[in-house]
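> Handing you a structure now.
The values are calculated or read from the model by the stated rules, or taken from the named source; none is laboratory data. Just so we're clear, the structure is a prediction, and the values are computed from it rather than from any experiment. All Cβ positions, glycine included, derive from the backbone under ideal geometry; neighbour counts span all protein chains shown.
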Amino acid sequence: MGPEKEAKEENVILISDDDTDTETTLGNSVVVIESSENSDLEEKESEEIVDEESGLVVTFCKKGMVMPHARYDCMTNLFERTESETCIPVKQNSDICDQCYCYICDKLASECQYWTTSSCCHCNAHNKSKFWKDQRNFTLTGVLVIFNLEPTEIDTDLRHGGELLFTFLRELSMQYNNYLSGEIVLSCQNSVCPSKQTPGQCSVSSQLHNEIIYKYSEVFNLVSSFINKAEKEKPKSAAVMLLGAAKEIALHKDPAQSWQNLPPSESLKLAVPFLMSRITKNLQRILVLSDFPKQLYEKLISFFQTIPLPPYCFRFTNCLNVPSWDDRLLTTVLKGQNITGEQKKNGKKEFLWEVLTVIKARIEKMENMGQYKELVRYLRAVKCNEGIGLRDLRDKIPFYLCKSGDFTNAAYSLLLPINNLACCTACRLTPLQFESYLKMFWTGSVPSGKDFQDSEEWILNVGSPVKCCTLIKQALRVLYSNQSLYRNSKCWSALITIWGSSPILEQNGLLTALMLIEPPSSFRQMVCDVSFGILEELRLKINVSLPSDVFYGSLNLEACFLLTIQAVLQMLLTDFPQLTSFLEILLAFGKNFWALKLFLEGLLSQMPVLHDVVSMIARDLSYQKHSLLKLWQTLGPDYVGELLCLFLSFRNSQLQSVGIFLSHVVIENLNQIVLPLFRCPWAKSLDVIRLKAFKRPHLDTANHLQLNKFVSILEKL
């Protein structure tokens, strides 16, 4: 082999993750590998070299590059290890190559500001010294060192939170120092004059003196702004920000020697508990909603426990002792293995007891995950010292049961008190909630959102709908249990609408109207005969069994409709003065005119009530014309004609007047909304009006004239 092909030994420097010295490593960041390479023919093909024993064939080789490495692993410059020398560089430790990194700053040694600075001397740092390791950890973690976090645990979010906390602590220190300086104010103080006073002279004199007032408001505003900022950050960042702020304000002292009558934000002893309450509530939510690693979770809680709380903050001592999601008692409750939330541990009873903020956070997380069965079990078992708040959360148990597809149990749970509470969920339902529940029970569908208001889109066929007989009993029980619902026309119209609607819901949550066949008069009379007893038992909360021959046959839907009509009539006889509207009850019958006729005939036996009902209908028609016209557009001209005929065909002049008023509405809106509607063929409806109403002798002269005008207008369309 010629001299031009003679190989020259070079060293290849590689990064190593091994933290221990072995026979093949120097330090922890380099490995030396011997290689043959021709320096004159760099990066060119060389002769093939074959190792017969290993079978390794080398066909190409390249000059080794020195990779970045810690100073103590440099192969060019020797390094002398010492434990904690910071005064001067040891021997040649300050010498560096182009790829030497500072172990403390984690940057190129040439860029380190403290490489040879006395009292720092980063050039002497290495990974075998506890002193230098602690220095490196403090430099890399910054203020996060107070949380006892290892560098490997610190991610981008934690580092960002630490940076914000560090900036805040500097600002807070300045504001706190200003607070300690106080403000000098001039005050007037009454004192007894020590000299003898002549009779008739006052022995009390006023003296002016300087008083120092300590106002915490600037500190309060700064901390409040920082909490607001933390609430917008990611969970890990927010956690360290809030914990750091909590520790600082807990260390603040009130320099006032006596109590000073100051507003809450200016008095330290009032402001700090308020701020601490905000901080701890945010931390409780973060711990529940965020999936922190177990080690980080425990370190955050441990840090809070080390904060020296002043006496006026003792109530926050255990507020972050929030059980993790894998807690044994909590897990058994969520799985349904423990329905009471109680267990015995070391002979003592333990309860699933959590503060309201934690309960709300757990509900939020389970809602987001769609764990509605677990959510119901949790709400039934958990205990809290804020009874009213927990009761309000438990009121959504029927809704969560619906979301899980268990509609029948949801219907029963409306009237079941939980844990011996004074009243049931039904007592606090709103008309909107009652209407939504009826729709859910009838169709087996639920709103797609987390609440009743989130109903723009519905999830269809989640479970089996509630049977008619169960639904009518539970709906009437709810109305009898809640006076505000019982006296609300929207609730009665919603119940009437259900019986005249298809159980198949549209995607947007709208019901489809049905026309039920009028049952035989004998069947109607049978339902009427048993209605009074059934309604009375339901009112008294007695477990009612509906007659099977009436409510479980082929006409079960019509039977429920008829029972509802009787319930509405009873309500009108007793609570009509409490109603604010009646038109919606009237319109809820839709095209089931036979049912509406039965209802109006029931009013004829109570003339004073009928008079009040007609007066309210006339008032409603004056104020709710838009709703009426919108409904007419949906149901068509035949519906309008049948509705007019129904009222005009009664011999009672008050009911006839409703029909005449409806004809006024048609005439007044011909050119706006009604004209396109009545251009549709409706000769059949016109003939019906003529036959049933116009030629009836019981119409008075004024009504004849009005109806004659109305028919003439319609004939010209």
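> For the range 414-423, check the following and say yes or no: at least one residue is out of contact with any Ser or Thr (no Cβ under 8 Å at 6 or more places or on another chain) and part of a helix (DSSP H, G or I).
No, the range 414-423 has no match at all.
> While we're on this one: Taking the conditions exactly as written (in the same structural domain as L510 (by TED's automatic domain parsing) and either among the β-branched types (V, I, T) or assigned to a helix (DSSP H, G or I) (or both)), does F452 satisfy them or not? Outline the logic, then answer.
Details: in the same structural domain as L510 (by TED's automatic domain parsing): yes; either among the β-branched types (V, I, T) or assigned to a helix (DSSP H, G or I) (or both): no.
It is false that F452 is in the same structural domain as L510 (by TED's automatic domain parsing) and either among the β-branched types (V, I, T) or assigned to a helix (DSSP H, G or I) (or both).
> While we're here: Of the residues P608, P637, which is in contact with a Cys (Cβ under 7 Å, 6 or more places away or on another chain) and farther than 19 Å from I498 by Cβ?
P637
> Moving on to the next point. Return the residues of the range 386-404 that are assigned to a loop (DSSP other than H, G, I, E, B) and crowded, with 16+ Cβ neighbours inside 10 Å; say none if nothing qualifies. Steps first, please.
Taking the range 386-404 as the starting set, the residues that turn out to be assigned to a loop (DSSP other than H, G, I, E, B) are 386, 395-396, 404.
Once the filter is applied, which keeps residues that are assigned to a loop (DSSP other than H, G, I, E, B) and crowded, with 16+ Cβ neighbours inside 10 Å, the range 386-404 yields D395, K396, S404.
> Let me ask something else about it. Can you tell me which residues in the range 512-546 are within 20 Å of E601 (Cβ to Cβ), among the small types (G, A, S) and surrounded by 14 or more Cβ atoms within 10 Å (Cβ to Cβ)?
Listed by number, the list holds a single entry, S531.
> Could you tell me whether any residue of the range 57-70 is of a type outside the set (D, E, K, R), outside any loop (DSSP other than H, G, I, E, B) and either closer than 30 Å to Q113 by Cβ or at pLDDT 90 or above (or both)?
Yes, that holds for at least one residue.
> Condition first: surrounded by 13 or more Cβ atoms within 10 Å (Cβ to Cβ) and part of a helix (DSSP H, G or I). Now tell me which residues in the range 616-627 satisfy that.
Of everything in the range 616-627, those that are surrounded by 13 or more Cβ atoms within 10 Å (Cβ to Cβ) and part of a helix (DSSP H, G or I) turn out to be M616, I617, A618, R619, D620, L621, K625, S627.
> Can I ask one more? Could you list, in sequence order, the residues of the range 119-141 that are in a loop (DSSP other than H, G, I, E, B) and on the phi < 0 side of the Ramachandran plot?
C120, A125, H126, N127, K128, S129
> Separate question: Considering only residues that are among the acidic types (D, E) and over 20 Å from S502 (Cα atoms), which ones fall in the range 446-487? Steps first, please.
Within the range 446-487, the first condition is being among the acidic types (D, E), and the residues that meet it are 451, 454, 456-457.
Result: D451, D454.
> Here is a check on your reading of the model: is K128 surrounded by 16 or more Cβ atoms within 10 Å (Cβ to Cβ), of a type in the set (K, R) and either out of contact with any helix residue (DSSP H, G or I) (no Cβ under 7 Å at 6 or more places or on another chain) or touching a residue at least 24 places away in the same chain (Cβ under 8 Å) (or both)?
no
> Being closer than 21 Å to I660 by Cβ, in contact (Cβ under 8 Å) with a residue 24 or more places away in the chain, surrounded by fewer than 20 Cβ atoms within 10 Å (Cβ to Cβ) and out of contact with any Leu (no Cβ under 9 Å at 6 or more places or on another chain) narrows it down to one of D638, D612, so name that one.
None of the other options fit; the residue is D638.
> Let me ask something else about it. Filtering the range 207-251 down to residues that are touching a Phe, Trp or Tyr at 6+ places or on another chain (Cβ under 8 Å) and more than 27 Å from I146 (Cα to Cα), which residue is surrounded by the most Cβ atoms within 10 Å (Cβ to Cβ)?
Residue satisfying both the conditions and the ranking: K215.
> Quick check on the range 452-497: of everything there that is in contact with a helix residue (DSSP H, G or I) (Cβ under 8 Å, 6 or more places away or on another chain) and charged (D, E, K, R), which residue is nearest to L540 (Cα to Cα)?
Filtering the range 452-497 for residues that are in contact with a helix residue (DSSP H, G or I) (Cβ under 8 Å, 6 or more places away or on another chain) and charged (D, E, K, R), the one nearest to L540 (Cα to Cα) comes out as R477.
> In the range 252-300, which residues are more than 30 Å from K360 (Cα to Cα) and exposed (fewer than 13 other Cβ atoms within 10 Å of the Cβ)?
K253, P255, Q257, S258, W259, N261, P263 - these are the residues of the range 252-300 that are more than 30 Å from K360 (Cα to Cα) and exposed (fewer than 13 other Cβ atoms within 10 Å of the Cβ).
> If you go through the range 494-508 one residue at a time, do you hit one that is part of a loop (DSSP other than H, G, I, E, B), of a type in the set (G, A, S), over 19 Å from T564 (Cβ atoms) and modelled with pLDDT under 95?
no
> Okay, moving on. How many residues are assigned to a loop (DSSP other than H, G, I, E, B) and within 24 Å of the chain's Cα centre (by Cα) when one looks only at the range 342-353? Don't jump to the end; show me each part of the working.
If we filter the range 342-353 for residues that are assigned to a loop (DSSP other than H, G, I, E, B), which is where we start, we get 346-347, 352.
Those still in the list that are within 24 Å of the chain's Cα centre (by Cα) too: 352.
Residues meeting the conditions: 1.
> Given the criterion among the basic types (K, R), assigned by TED's automatic domain parsing to the domain that holds L546 and buried (at least 20 other Cβ atoms within 10 Å of the Cβ), identify the matching residue among R487, R477. Explain how you work it out, then say what you get.
Details: R487 fails: buried (at least 20 other Cβ atoms within 10 Å of the Cβ).
The conditions single out R477.
> Of the residues S545, S484, S464, which single one is of a type in the set (G, A, S) and assigned to a helix (DSSP H, G or I)?
From the options S545, S484, S464, the qualifying one is S484.
> Next question, about the same structure. Just need a number here: residues in the range 324-340 that are under 24 Å from the mean Cα position of the chain (by Cα) and crowded, with 17+ Cβ neighbours inside 10 Å.
3
> Out of the residues in the range 301-311 that are in contact (Cβ under 8 Å) with a residue 24 or more places away in the chain and surrounded by 14 or more Cβ atoms within 10 Å (Cβ to Cβ), which is farthest from the chain's Cα centre (by Cα)? I'd like the intermediate steps shown before the answer.
Filtering the range 301-311 for residues in contact (Cβ under 8 Å) with a residue 24 or more places away in the chain gives 302-304, 307-310.
Filter once more, so that each one left must be surrounded by 14 or more Cβ atoms within 10 Å (Cβ to Cβ): 303-304, 307, 309-310.
On the way: F303: 28, F304: 26, I307: 30, L309: 31, P310: 33 Å.
That would be P310.
> Can V322 be described as part of a loop (DSSP other than H, G, I, E, B) and in contact with a helix residue (DSSP H, G or I) (Cβ under 6 Å, 6 or more places away or on another chain)?
So V322 passes the test.
> What about P273, is it at pLDDT 95 or above and within 24 Å of S181 (Cβ to Cβ)? I'd like the intermediate steps shown before the answer.
On the way: at pLDDT 95 or above: yes; within 24 Å of S181 (Cβ to Cβ): yes.
The answer is yes for P273.
> Here's another thing I want to ask about it. In the set K365, K383, K348, K373, which member is among the basic types (K, R), exposed (fewer than 14 other Cβ atoms within 10 Å of the Cβ) and not assigned by TED's automatic domain parsing to the domain that holds F452?
Of the residues listed, the single one that is among the basic types (K, R), exposed (fewer than 14 other Cβ atoms within 10 Å of the Cβ) and not assigned by TED's automatic domain parsing to the domain that holds F452 is K348.
> Keeping to the range 142-158, report how many residues are outside any helix (DSSP H, G or I), more than 20 Å from K232 (Cα to Cα) and touching a residue at least 40 places away in the same chain (Cβ under 8 Å).
Number satisfying all stated conditions: 2.
> Additional query: In the range 71-118, how many residues are assigned to a loop (DSSP other than H, G, I, E, B) and either at positive phi or hydroxyl-bearing (S, T, Y) (or both)?
The number of residues fulfilling the criteria is 12.
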